[in-house]
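The values are calculated or read from the model by the stated rules, or taken from the named source; none is laboratory data. Quantities reported herein were computed from a predicted structural model and do not represent experimental measurements. With ideal geometry, Cβ positions are generated from the backbone for all residues, glycine too; neighbour counts draw on all protein chains shown.
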Amino acid sequence: MTSSSPAGLATPPPEDSPTSFDIVSHYNRLISSDPSITPPIAAIESLIAVLNAASLSTITETITLLQTSSSTLLASQSNPIPLSAGTELLQRYIITSFQQQPAQLSGHDFTQLRRQLITNSKLFVTRTKSARSKIAKHALPFIRDDSTIFAYGSSRVIDAILSHAAESTRYFNVIFISSSTWSQSTADNEATALDQSTKRLVAMGIPVATVPFPALSHTIASLPKAQSSNVLFLLGAEAVLENGAAVSNLGSHLVASVAKATSIPCYFAAESYKFTRQFPTTFGDQDLQRMDAKQEVLKFRSSSDDEKEMEWNVQGTKGGENVGLVDITPPELISGLITESGIVTCEGVAEELIKLWF
């Protein structure tokens, strides 16, 4: 027997209903409380928390909840591309697991299956946390004694690579290229991160220099002759697209172009869970916007423009939140991708995605 509500009054959702769980707040808490967590993994953990909190009794309910929660989370972000790699991966895993089950499941069987899926998803997240150290090991052969490594901006995975090389008694020089000229709102955060990286490497006996972005070409030309033949660019990627293009800090495309022009190898480091089934057609704001990134670098101003309308363009922020600016580096400028599975060519990204998805 079912009870009805008085006409015109909505029945409030139960405490454990999907609508009572704020996935956006949960995601933001994860990002702010754990500096080492990446957006794709924070997105996966947030979806797991949604599944854990909701009362679900059918496969259809579960898939619908995952899809709506993913859409809500992605819509809240100014750059949802990295998060979409995580949400797509978890949704694919859940759907594949359901497809292997009988068409009809009893309530008890579904509860057991749901519990198992949540447990396995948590195990996946735990395993991904070792990806960074594996990438550092695969990158080690590229960092030879007396080499010079250019690193652009601040990146957790590049920090791991350089620290591991230093711990492996490799002697090399590091030149950090500051990207803070692009967005004043990111300057303080980047300066702090680069300062910490510099102190850590110097304490390990590694010489470090930091140069502003506009000085990159001049710095390359200023390298001592003994160092100019053993130079490498290492950049981190927030996401890797299906054709091998990398989404990273704004300016990465230009850095890779300079590397190409000076015949210096340029490698991007990224965990494989950052691979996403999105294919760029161009490499500007239009393509980023097609992938739902809310960014507009090229914006002509007229005297009638509202000052607030210019805030995004100048600060790279949304609602006071520091979101950072990104660009897309095309695959022809990338020497290779360093992942936890080894070195992957840009052409090989599509194959890796097939392995992940099928």
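Summary of computed values
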quantity: Close pairs (9 angstrom Cβ cut-off, 6 or more residues apart or separate chains): assigned by TED's automatic domain parsing to the domain that holds Ser179 in region 192-204, surrounded by fewer than 13 Cβ atoms within 10 Å (Cβ to Cβ) and in a helix (DSSP H, G or I) anywhere; calculated: Met204/Glu167
quantity: Neighbours by Cβ (under 9 Å, 6+ apart or cross-chain): first from region 271-292, free of Cβ contacts under 8 Å to residues at least 24 places away in the same chain and not assigned by TED's automatic domain parsing to the domain that holds Ser84; second surrounded by 15 or more Cβ atoms within 10 Å (Cβ to Cβ) and polar (S, T, N, Q); calculated: Asp285/Gln295; Gln289/Gln295; Arg290/Gln278
quantity: Residue in region 241-261 that is among the acidic types (Asp, Glu), surrounded by fewer than 19 Cβ atoms within 10 Å (Cβ to Cβ) and modelled with pLDDT under 95 present; calculated: no
quantity: All positions within region 95-123 that are modelled with pLDDT under 90, among the β-branched types (Val, Ile, Thr) and in contact with a helix residue (DSSP H, G or I) (Cβ under 9 Å, 6 or more places away or on another chain); calculated: Ile95, Thr96
quantity: Candidate set from region 36-54 (those that are touching a residue at least 24 places away in the same chain (Cβ under 8 Å) and part of a loop (DSSP other than H, G, I, E, B)); member that is farthest from Gln295 (Cα to Cα); calculated: Ala54
quantity: Top-ranked residue of region 55-80 - restricted to ones that are among the hydrophobic types (A, V, I, L, M, F, W, C) and part of a helix (DSSP H, G or I), ranked as surrounded by the fewest Cβ atoms within 10 Å (Cβ to Cβ); calculated: Ala75
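One line per residue, one yes/no per condition, for (1) hydroxyl-bearing (Ser, Thr, Tyr); (2) at pLDDT below 90; (3) under 25 Å from Tyr27 (Cα atoms); (4) in contact with an Asp or Glu (Cβ under 9 Å, 6 or more places away or on another chain):
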position: Thr276; (1), (2), (3), (4): yes, no, yes, yes
position: Thr281; (1), (2), (3), (4): yes, yes, no, yes
position: Gly284; (1), (2), (3), (4): no, yes, no, yes
position: Lys294; (1), (2), (3), (4): no, yes, yes, no
position: Val297; (1), (2), (3), (4): no, yes, no, yes
position: Glu309; (1), (2), (3), (4): no, yes, no, no
position: Val314; (1), (2), (3), (4): no, yes, no, no
position: Gly319; (1), (2), (3), (4): no, yes, yes, no
position: Gly324; (1), (2), (3), (4): no, yes, yes, yes
